[in-house]
1. Please work out if residue 121 is over 23 Å from residue 195 (Cα atoms), more than 28 Å from the chain's Cα centre (by Cα) and surrounded by fewer than 19 Cβ atoms within 10 Å (Cβ to Cβ).
2. Can you confirm whether the range 411-433 contains a residue that is without any contact (Cβ under 8 Å) to a residue 24 or more places away in the chain, out of contact with any helix residue (DSSP H, G or I) (no Cβ under 8 Å at 6 or more places or on another chain) and surrounded by 12 or more Cβ atoms within 10 Å (Cβ to Cβ)?
3. Every residue in the range 227-277 that is modelled with pLDDT under 85, in a helix (DSSP H, G or I) and either farther than 30 Å from residue 167 by Cβ or in contact with a helix residue (DSSP H, G or I) (Cβ under 9 Å, 6 or more places away or on another chain) (or both), please.
4. Give the number of residues within the range 364-385 that are out of contact with any strand residue (DSSP E or B) (no Cβ under 9 Å at 6 or more places or on another chain) and either under 15 Å from residue 312 (Cβ atoms) or assigned to a loop (DSSP other than H, G, I, E, B) (or both).
5. Taking the condition free of Cβ contacts under 8 Å to residues at least 60 places away in the same chain, over 28 Å from residue 8 (Cβ atoms), in contact with a strand residue (DSSP E or B) (Cβ under 9 Å, 6 or more places away or on another chain) and surrounded by 13 or more Cβ atoms within 10 Å (Cβ to Cβ), does residue 296 pass?
6. Tell me which strands (runs of 3 or more DSSP E) are completely within the range 54-129 and hold 1 or more residues being in contact with a helix residue (DSSP H, G or I) (Cβ under 7 Å, 6 or more places away or on another chain), or say none if there are none.
7. Kindly indicate whether residue 197 is in a loop (DSSP other than H, G, I, E, B), surrounded by 15 or more Cβ atoms within 10 Å (Cβ to Cβ) and within 24 Å of the chain's Cα centre (by Cα).
8. State whether one or more residues within the range 165-184 are in contact with a strand residue (DSSP E or B) (Cβ under 6 Å, 6 or more places away or on another chain) and in a strand (DSSP E or B).
């Protein structure tokens, strides 16, 4: 796998794309990342205790109170009261309805390790480090570095084959950050931000640059100079400066269509359809125009193989989380089903988010879950349609016409008697022009002895506006 990072500067905003074998896998926008709270550490004040939810609501100085579950505290929750100040970290960003999810189990990430001041003497090693000898080496380093029974350490994938001194220096630096946070707490008596991650560029380099990265591409001269310094650490890394928009140079704009489409076409002619609710995402796989194989089972299997790889990519690209169901094309061969799961599991190993694959249900759906701490791309790039309110549907013109006509006639029977109404103005969406015809207009005018004006400039196909004049 050839992995590359593409940095593009546009209108003073930095955008970053992660490519694997020249295929877009992840994308980040500096202005959108700035609004995220995940990973930030706050001094919070408990505003409310809700025993029924086994949770606290904590003021962290943002618009909405955070949500802290009893099980995410590091002390006895019964010892906490309203007004108590606590150090919390945002575990998961909130949304339009919910505040952020908080934890008192702080972790401070570096490039090679994650320092946990309340890690309870635990040592974790990335599952993507497969060598047993390397795991033993890192475990020994962890036992040397951990000084108290409270703290813990996680070795990240990047630390594989990294020397002891480098890891030790990062451990010391992360501990200093925690000590500075504790010192800052003594200075304040109100909810506020105590610590946030490095700037956008440093965050991307820390999280996305690894030994699989063979090239960094940028159109910014200052970034080019900064990235050149990384060659000392990553010997095989190439850094390229291009004279045009780096996204255009790397053909990323064409691939961005995958972010906006509900249907994704597969190389063989199959199609994936994506439907989302708040907590559930469903992928439906269809063979569509794929009819080249000799029998149905082979057609289904080949299409499903392509779909498994593409769906794993879409989970990363769109940052989809929660419960996920995949309706693959029906396969009779159980070996084929196992191979689909193995391929899907292999593809998801490239994903840093935690994915749990439950297997095929009795109805033949592949069930899995993906954990996410930040909002999906959909939530960042799109807003809810003011017309359909997210349903993706609008009322039939016939239904709206009947409703408008009924309201018009019922109101005129009453208003004509009480207020001697002589003129009526009605505004409707343009798709009702075939219903409010000249003949219908004359019929209403004659029936109620009024002047009726109709315009088709109303901007909502689900509603209308009626105005009366004497």
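1. yes
2. yes
3. 257, 258, 259, 260
4. Result for the range 364-385: 5.
5. Judged against the criteria, residue 296 is not a match.
6. Passing ranges, in order: 55-59, 85-92, 101-103, 113-116, 123-125.
7. So residue 197 passes the test.
8. no
The values are calculated or read from the model by the stated rules, or taken from the named source; none is laboratory data. What you are looking at is a predicted structure, and each value in this text was computed from that prediction instead of being measured. Reconstructed Cβ throughout: ideal geometry from the backbone, glycine too, with neighbour counts over all protein chains shown.
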